[in-house]
Amino acid sequence: MKKLYKSAEDKKIDGVCAGIAEYFSIDPTLVRLGWVLLTALGGSGIFAYIICAIIMPSKPKAIEE
């Protein structure tokens with residue numbers, strides 16, 4: 001079963017976007033672009049990122065590849 005974790009390898013701020021990209025097997029740049037669009041269009045991207053950074057767990061050392 002796949003679990004959603006913050007990325008430790010490809011992080012720019014806290015690893016949220018890269019973690020979401022790893023979970024869905026897509027390019028992290030696309031997820032980062034989505035966050036920028038959410039932020040630019042209504043400001044909800046910043047709020048959503050902060051919530052995700054607090055809620056999403058970091059990947060445990062035993063699981064890291």
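Between 0 and 90 degrees, the angle of helix 28-42 with respect to the longest Cα principal axis of the chain falls at about 30 degrees.
What full-extension length gain, to one decimal in nm, is calculated for MET1 and SER25 as 0.36 nm per residue of separation minus the Cα-Cα distance?
Difference between extended and current length: 7.2 nm.
For the chain, the fraction of 1.4 Å probe accessible surface lying on carbon and sulfur atoms is 68 percent. Charged side chains reduced to their Cβ positions (Lys and Arg at +1, Asp and Glu at -1) give the chain a dipole of some 160 debye around its Cα centre. Rolling a 1.4 angstrom probe over the protein heavy atoms with all chains in place gives the chain an accessible area of 72 Å² per residue.
When LEU41, LEU33 are compared by accessible area of protein heavy atoms, the largest-first order is LEU41, LEU33, using a 1.4 Å probe. Net length available on complete extension from LYS11 to ILE46 is 11.0 nm, with 0.36 nm assigned per residue and the Cα-Cα distance removed.
The largest accessible area among CYS17, CYS52 belongs to the first residue in CYS52, CYS17, and the rest follow in falling order (1.4 Å probe, all chains).
Which sequence of THR29, THR39 reflects their accessible areas, 1.4 Å probe, from the largest down?
THR29, THR39
The values are calculated or read from the model by the stated rules, or taken from the named source; none is laboratory data. These numbers were taken from a predicted model, which means no experiment stands behind them. Because the Cβ atoms are built from the backbone with ideal geometry, glycine has one as well, and the counts that use them run over all protein chains shown. Only protein heavy atoms, including side chains, enter the accessible area calculation; ligands, DNA and RNA are left aside. Shrake-Rupley method; radii C 1.70, N 1.55, O 1.52, S 1.80 Å.
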